[in-house]
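Everything below concerns the one structure shown next.
The values are calculated or read from the model by the stated rules, or taken from the named source; none is laboratory data. Predicted, not measured: the structure shown is a model, and the values here were computed from it. Cβ sites come from the backbone with ideal geometry, for glycine too, and all protein chains shown count toward neighbours.
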Amino acid sequence: MSSTVPNAHPPSTADSVPRWKGRPVPWVAQWTGEVPRKPRPEVRYEPAPGGGTRLAYWDATEADWWAPTDNHEAMLWRRTGTGRQGEPQYAMLNTIRQRQAMTELLCQVCGQSADTAGGTAWLMHSIEWQILTGGRGGSDPFWAQAVTGPDGMTPATTNPPTCASCWRTASRMCPSIRKHGAVALVVGAARPVAVTGDVFPAGAGIPEPRRVNFGDEDANRTIARLLVVELDDVQVLPNLSALPVEPRTSTS
């Protein structure tokens with residue numbers, strides 16, 4: 001795999017990146033009008049197709065369950081809108097768009113393809129990259145979405161790809177990247193392996209937010225929020241791995 005910048009579509013424009021009050025908004029971001037009104041969904045247990053029971057909404061339809069392939073058992077997913085009503089929540093990911101970006105290798109900034117002849121373009125916040133590569137402990141709640149694989153070796157993340165044309169745009173849009181920097185990558189393959197979601201107890205109780213692998217015994221008690229993929233054949237691009245970092249400024 002080459003160490004050069006991967007092939008990319010033309011630079012993103014105002015037409016390809018959503019906007020709110022003139023400001024660009026990442027394609028994958030959640031908006032306030034897309035969030036379910038009820039903080040806790042009404043759920044029940046029903047017979048599962050493969051035996052046993054599974055968590056279900058009271059008014060469930062088959063569209064509420066999803067799996068990356070026929071070899072995976074489908075999991076119940078968080079219901080969310082996609083109409084971009086209300087105001088953008090820049091730090092939150094829309095469940096449906098995040099899952100689509102991961103499975104179709106779409107750019108989280110503009111929604112266009114991030115796949116190239118050399119692999120998939122990815123941009124990692126430098127702190128997340130340190131977590132994924134074992135350079136820093138992953139207990140910081142701000143980076144709770146960044147999770148490592150079960151063997152502690154293969155990087156896994158809920159952070160979708162970013163096409164090379166949007167690397168600079170992303171570095172300008174994200175205050176934390178401007179402060180800490182980012183790492184530009186080319187990824188050979190991204191494999192769905194798990195979700196982050198809310199795991200409900202077998203009886204009454206409060207759900208626990210955590211990672212659940214496809215096929216785990218807790219999968220039928222989980223409402224998935226974000227898809228986790230493992231990254232294979234990852235190459236750091238030295239010429240773009242240190243994007244411009246915004247100098248610290250004092251605040252009054």
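Could you tell me whether Met124 is part of a helix (DSSP H, G or I) and not polar (S, T, N, Q)? Walk me through how you get there before you give the answer.
Numbers: part of a helix (DSSP H, G or I): no; not polar (S, T, N, Q): yes.
When the stated conditions are applied, Met124 does not pass them.
Does the stretch 30-45 contain any residue that is in contact with a helix residue (DSSP H, G or I) (Cβ under 7 Å, 6 or more places away or on another chain) and touching a residue at least 24 places away in the same chain (Cβ under 8 Å)? Checked the stretch 30-45: no residue is in contact with a helix residue (DSSP H, G or I) (Cβ under 7 Å, 6 or more places away or on another chain) and touching a residue at least 24 places away in the same chain (Cβ under 8 Å).
Applying the condition of being of a type in the set (Val, Ile, Thr) and either under 16 Å from Thr69 (Cβ atoms) or not in a strand (DSSP E or B) (or both) to the stretch 213-235 and asking which residue is nearest to the chain's Cα centre (by Cα) yields Val228. Among the criteria (1) out of contact with any Lys or Arg (no Cβ under 7 Å at 6 or more places or on another chain); (2) modelled with pLDDT of 85 or more, the one Asp140 does not fulfil is (2).
Got a sec? Which of Ile177, Ile223, Ile206 is at pLDDT 85 or above and surrounded by fewer than 17 Cβ atoms within 10 Å (Cβ to Cβ)? Just one listed residue meets the conditions, Ile206. Taking the stretch 187-212 as the range and being outside any loop (DSSP other than H, G, I, E, B), in contact with a helix residue (DSSP H, G or I) (Cβ under 9 Å, 6 or more places away or on another chain) and over 14 Å from Trp77 (Cα atoms) as the test, the residues that pass are Ala190, Pro192. Ala8 meets all of the listed conditions (1) crowded, with 18+ Cβ neighbours inside 10 Å; (2) at pLDDT 90 or above but one, namely (2).
Residues are listed down the side, and each one gets a yes or a no for (1) out of contact with any Lys or Arg (no Cβ under 6 Å at 6 or more places or on another chain); (2) modelled with pLDDT of 80 or more; (3) under 18 Å from Glu87 (Cα atoms):
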position	(1), (2), (3)
Thr4	yes, no, no
Thr13	yes, no, no
Arg23	yes, yes, yes
Val43	yes, yes, no
Pro49	yes, yes, no
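Of everything in the stretch 51-71 that's touching a helix residue (DSSP H, G or I) at 6+ places or on another chain (Cβ under 9 Å) and either surrounded by fewer than 16 Cβ atoms within 10 Å (Cβ to Cβ) or more than 22 Å from Val193 (Cα to Cα) (or both), which residue is modelled with the highest pLDDT?
Quick first cut of the stretch 51-71, residues touching a helix residue (DSSP H, G or I) at 6+ places or on another chain (Cβ under 9 Å) only: 52-57, 66, 68.
Retained after the next criterion (residues that are either surrounded by fewer than 16 Cβ atoms within 10 Å (Cβ to Cβ) or more than 22 Å from Val193 (Cα to Cα) (or both)): 52-53, 57.
On the way: Gly52: 89, Thr53: 89, Tyr57: 92.
My answer is Tyr57.
Determine, yes or no, whether Ala101 is of a type in the set (Gly, Ala, Ser) and within 22 Å of Val43 (Cβ to Cβ). Here the answer is no, as Ala101 does not meet what is asked.
Test of understanding: among Gln98, Gln130, Gln85, which residue is touching a residue at least 24 places away in the same chain (Cβ under 8 Å) and closer than 26 Å to Gly181 by Cα? Quick ask: steps written out before the conclusion?
On the way: Gln130 fails: touching a residue at least 24 places away in the same chain (Cβ under 8 Å); Gln85 fails: closer than 26 Å to Gly181 by Cα.
None of the other options fit; the residue is Gln98.
Yes/no matrix, rows are residues, columns are (1) modelled with pLDDT under 90; (2) exposed (fewer than 15 other Cβ atoms within 10 Å of the Cβ); (3) in contact with a Leu (Cβ under 8 Å, 6 or more places away or on another chain); (4) not hydrophobic (A, V, I, L, M, F, W, C):
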| site | (1), (2), (3), (4) |
| --- | --- |
| Leu76 | no, no, yes, no |
| Pro88 | no, no, no, yes |
| Ala121 | no, no, yes, no |
| Ile127 | yes, no, no, no |
| Gly152 | yes, yes, no, yes |
| Pro160 | no, no, yes, yes |
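In the stretch 47-59, the condition of being touching an Asp or Glu at 6+ places or on another chain (Cβ under 7 Å), over 22 Å from Ser176 (Cβ atoms) and touching a residue at least 60 places away in the same chain (Cβ under 8 Å) is met by at least one residue.
Taking first residues from the stretch 161-184 that are without any contact (Cβ under 8 Å) to a residue 60 or more places away in the chain and partners that are assigned to a helix (DSSP H, G or I), the Cβ contacts under 6 Å between residues at least 6 apart in sequence or on separate chains come to Thr162/Ala170.
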